[in-house]
1. Pull up the cross-link candidates among the lysines for B:LYS1012, meaning alpha carbon to alpha carbon under 19 Å and not fewer than 8 places away within one chain.
2. Taking only C-alpha pairs under 8 Å that are 6+ residues apart, what is the relative contact order of region A:1-113 in percent?
3. Using a 7 Å offset from the Cα along the Cα-to-Cβ direction at both B:GLU999 and B:GLN401, what is the distance between the two label points in nm, to one decimal?
4. If you take the C-alpha gyration tensor of region B:1042-1160, multiply each eigenvalue by 5 and take the square root, what semi-axes do you get, largest first, in whole Å?
5. Would you list B:HIS491, B:HIS983 from fewest to most Cβ contacts within 10 Å?
6. Want the number for B:ASN762 to B:GLN620: 0.36 nm per residue separation, take away the alpha-carbon distance, what's left?
7. Calculate, in nm to one decimal, what B:ALA649 and B:THR110 gain on full extension: separation in residues at 0.36 nm each, minus their alpha carbon distance.
8. Suppose the chain between B:GLU660 and B:ASN746 were pulled fully straight at 0.36 nm per residue; how much longer would it get relative to their current alpha carbon spacing?
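Quick note: the coordinates plus some simple rules give every number you see, no bench work behind them. The structure displayed is predicted, hence computed values, not measured ones. Reconstructed Cβ throughout: ideal geometry from the backbone, glycine too, with neighbour counts over all protein chains shown.
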Amino acid sequence: MAPQLRLNAVAFVSPQNHPILIRTFEQPRQDELKYHYIAHTSLDVIDERIQAATASKSTDCYLGLLYVEDVAVYGYMTPLKVKIIIALELSDSIVRDADVVAIFKALHTAYRRSVANPFLRLNVPTENVTDHSILVSAGNSRWQAFRKRVDEIGRAVGGFQ
Amino acid sequence: MFVAGLDVPSSSATPQSPSPKQQDPFVALAIRLREALTSQRKVAIWQPDKSKTFQVILVDPEVRFPPRKIAPAEDQQFHTPHSPLSPLTPSSPLYPDGLIAPIWIRKHTTLVPSVFVLFKRIYEHPHTSSRTPLDTHDPERDREREAEERRKDSELAAEIAQRKKSTNERSIKLTVVLMASRKMLDDPALDARLTFIRRQSGLDPRAALFVLSPVTSAEIGDFVRSLQEALYEPAIEYYTNHSKRVRRKRNRHSQANVSYQLPLTTIGSTSAQRPLRPEGWTVRYEYKMACFAEFRGEDDIALKHYHDAYSALHIMLGSTAILPPRTKRWAEAKVLADCISVKICKLYLYNNEHAMALAHHSSHMRLFSDLSRGWGIGEETFEFWSWLARQHRVFAELLEQGTRSTLKIPTHLPSPGVASQTQETQRGSLEVEAMRALGLNPTQALQHPGFYYYMAARCTENRRDRYLRALENESSHHASPGFVNERKVDHLSIVLELYTRAYELFKKYSTSSSQSQGRLTLWIAYLIAQTYYESGKFEMAVRFFERIAKTYRREQWDALLRPLLSTWYRCAQHLGDMELSVQLLLEIIGHGPQDDQDDPESLEEDLLAVLKSTVPSSDQVLTVDLTESGPLLDTSAVFWKSHVNVDQAAAFQITLTAPEIISLASLPFTSLLVQFSGDLPSITVQHTAPESDADVSSLQKIDLGDLSTSSSDNEDKDKDIKANLRWRPGDTLILCGNLTSSVPSNMTVSKLVLTLKEGNWNIDLPLHPNSRRSGTIPYPRWLGSLSPVRFIPVHRDNYSFVVVRHRPHVVKVSLSSEGPAYLGEEFPIVIDVTNADDRELDIVVDILLQPTEIEEADNFISVDEERSSSLIKGVEFGVLPPGVNMNKTLYLACSGAVGDRVIDISVQSRSMASVSPTTPVTPQSPSQVADTGETLRTLVVPTVDPITATHHVTYRRSTKPSPGLGDLDTFEGDYWDDAGEAHVVTTMTSVGPSGIFVEGLKLLREDGTYAKVNESTVDQDEDEFLTEWHTGDEFCDQCRISLARLDEPLGGGYIPGPGTYEVSWRRLLPNNQKGSLAKTRFSLPPLKPPSDGLIALLNVPNTAKLHQTIPLQLTIRNGHPTKSANIILQLEPDAVTDGFVVAGIRNGRLPILLPGGEEIIKWNLIPIECGWVKVPKIKVMNRRPPPPSAHGQAHDVEGEGEIVEVVDVRWDGRPEQSVRTSVDVARKSVEVPKVEMHPSDAAQFAAVVLVLP
């Protein structure tokens, strides 16, 4: 009964709209740049949704379907305003929001665990704890665990058949 | 819904056949009619509204309809005649196997109407001299006129009949509107004439003949409305009939399917031209029915028929046997399918079924993509992409048309939870969860048309791509007609147009664009710019790039920037803008190479090549500011300390590190300028090449020496500092030195400028002193040692600057005071300030007495001559040379309640060295450079009472006889209505920790209306108590207060104390000194004499002589305000020890005692015994029943009445009434020990007299 969701790409964007990590799972790996663009343009729609959400005093993290190109783009914003964007392959079937939210929650957890890495803050001036650059640096290629976690989720969703 | 043409012949006819006199009103009428009819309905793609209006086409009255069905002359095999458009008609363009032609639609929309309205003038006989009284009746003329009218009417009727004949052929409703003057309408003959015309011309009886006279445009509107109202029905009927006819044909056709087809196929095989297959006929009929339904405005039915037609068509196209690909019929069918698909989408959208519309649209594309693969025009051909682009574009245009009128793009807004939560909060979260689980199909989420234009543009790009690929291997490709066509297409301008439309729509639909350029639009803009680049319009592209890059840089999307920059660079190259090229190359280098780009040195080589091969357009220094985008070098400026004092050196290190991934080694940097904040001199480091490559370590440390603001001769500071300004990947250059400032300030490295010189190029590269490539954390560290290389991480936030400030002043402040302060005294506090610094300091002290929340506190402080209840500012201590101390005494005076008083003392010091003589700096001026210091002290002074007083009050009844009610003396002003006395015993205790010396103690009398002090012990022997009182010492005073009878109960129930004790005292200071004179006051306690009801006072002398008569007097007072008393008196001599001989009443009854009344009974007693002899017992009873709650009820066993208390006045003394409420009796604690005396005890009390011999 679970529809086949195909996760094509995942993007994490910092509260300042700086990219943290963008991973693509499309095989063969092509058009990675396209997903950068998709992530970036989604921020527009996310901004709109956030405005709508604050107007209705909603505290939901899930922002729903953002737009459809040749992939369906969904958005999610963590309480600390880190935006998570995923691109699902289009298939002519209903995508249940609950499934999408489950993916987002998994991704959120992956991000949280990675940011909690104490070594991220090694050698950083201590007063700088809240500096967002730390959050951005979690996506740096030096920190493999985050990528691994995200890739694992990508695989899990892909094998969700 | 399409309604075919109406005719307004009059409008076209009137100008041609004008009757000059009456032309104006009718021409105007005709023009207005034309306007009214044509303006109401425009032919448009998006027409969802279903009002009963017609599409009006103005035609000539003699217009001819297209030919009807004709029987094929040469072939009598078919019985039924066929329309010239039928595939069965050989002359038809569809012959023999076409489906349907666009001309068919045109026939029904513009050539054949559903209703025909004919406007005509009715003949009006000219009245030349009518209505003159002379020729009222001219039968000759009337007859003539009638004949004329009849003739004209017949002509008109004939004309109409002619028209009617042609419309009847096609069963088109004909309606005639006769235009007549207003006068004509009143003519009684009109009805007859109209009937004649109608009969004669064979018009329908219903809604076929109207008469209209020239009227205003508003009325014309009404007329047009009613006309259409009347004709709507027949029009619908007309199309229904068409539908019925077609359905009949379809049914017949599908039944006769087999038999019908067989002969045809045999014919077809021979002629190689197969006639239309049954599927084709189905398509044809369904399509026709759909069209007719649409004309009728029945969208549901139309949608169904279109669907049927579409699916039939899909079957046909699915089989190459039925429709061989790349034939004319195949192409036609394809176009027809596309058209039907659009129609279906539109009908769905009319119904607001967005998801269905989009689903159909995408399924159409999917189905036909599949089919295309089969036809050999799959995804690798430009034909496919051209087709796909067209589908997207058509859909986008449809949506765009729709949104201009009624279509609303749905918002797939935040998950259903949000929308529903607002309304359905009560329904519980389960429901919301359930709704959320539903989700939606992303392929069916309709978006605004911009997206579809964008898709179309992408498809067109693909199309161009495929075309270019086809062009490459053109030699192998035989030039098909499609390819030849394709060659004529200007792909890029189509792409550009589509993108531009998408851009506009995105802009229109983005709400956030108001604050910032939307990112979606930027993305489209980027694509537009790319297209401009492709089409060689580099300048346009550059303008776009400039704008787009700003946002991408700000948000640090390097991945997006890199392709943009490289295209931009290529544009710059094409434009020959060398400055821009250099700038962009440097930025690209700053961003580092792309992951897949394997050669990190290629960019560097490119840049060097550009620099070497070109000259700049001007001699000016080119400044390339990369601070916004990625810097070339990672820089960090670190200070070792966060604070230094003036003239103290602050060590710093500036680290410049080249990134690992990119090579800068060959960039010819010539110098590095280091600028510091403030007046610090800047330093230039010149490049010097190392002697040999071998001794170049990856870490260079260059000492810049000491720099200071005070060094005025910067020239000799400009010494040659040289360093190797070439960075290999990962190389680090560290510049270190010391900064010294003579004034307090923030010192920081403000700017680093790298200069690059090559040929004529002179490029400045400003660098921010602390910048990192995006995605890395600033990581400040301090080089501890060079060999081995050790870094110390700097764990400070503000490592990039150092604060210079004055040395703090060393000022010692001590405060001394003795114990707690007493209320009422001026408590001395000594402020002692010592200058322990080596500078002269000007000392100013501010003293703030904090406000307290203590009740009635009235505190103030005083220093020198200043007094304040809160703040004393600027107490001058003067300029203190080093080592000198100075003190001042601060006095704190408190009154009110005990508690802590808080004093803040701020000692401000100002260095005399920094004060310029012209502008004396006051402590208030917030001058930053003033060398000031402040020492703060807070003192908490507990405040206590020095003396406390307690009071004990007893009351005595008056023994004087009360005056009579009518006694005139009582009305005198100074009459003292004696009501007894109060005895007050006041005990004063010295409670302060240090003793006091009492200088005076007085009772200040404040005689009131009801109480006055009679005498006090203080008034006597004063000297005895004027001594030092130490802690715990007590002093006692008694005073007698005479009370007056109350006229009425007092408000608070208390008589204010009629006097105040005033104690004047000085604190005993440790060194046998005495403090300032202070006074403490205690007022006498408020009094509340107890009141009596009925009372008997026994008055008997204390002593008696044996055998000498003593008087015994009993006064009975009725103090009750209202009740009179009935007194029975009984004297009971002690039977056992009869010590007295009694003369007087033994037993008797007194006259009724009125309220306030008094009776005195006297006895004479002769003692006959010596010693303490008891007076005979006297029993007083009130016969009147007392109120149940009164005392003595227990004794009232006989029911005789209440026993009245007998009080011996010698021992009279009562406390205050025990019912007293806890009224706050000032702040002096008045302790009245309660002596409980039961009245009955008093009654049993027997007076005793000492009888002496």
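1. Cα-Cα hits under 19 Å: B:LYS960, B:LYS1002, B:LYS1088.
2. 28
3. About 11.2 nm, to one decimal.
4. That gives 50, 25, 9 Å for the three semi-axes.
5. Going from sparsest to densest Cβ surroundings: B:HIS983, B:HIS491.
6. 50.4 nm
7. 184.5 nm
8. So the extension gain works out to 27.6 nm.
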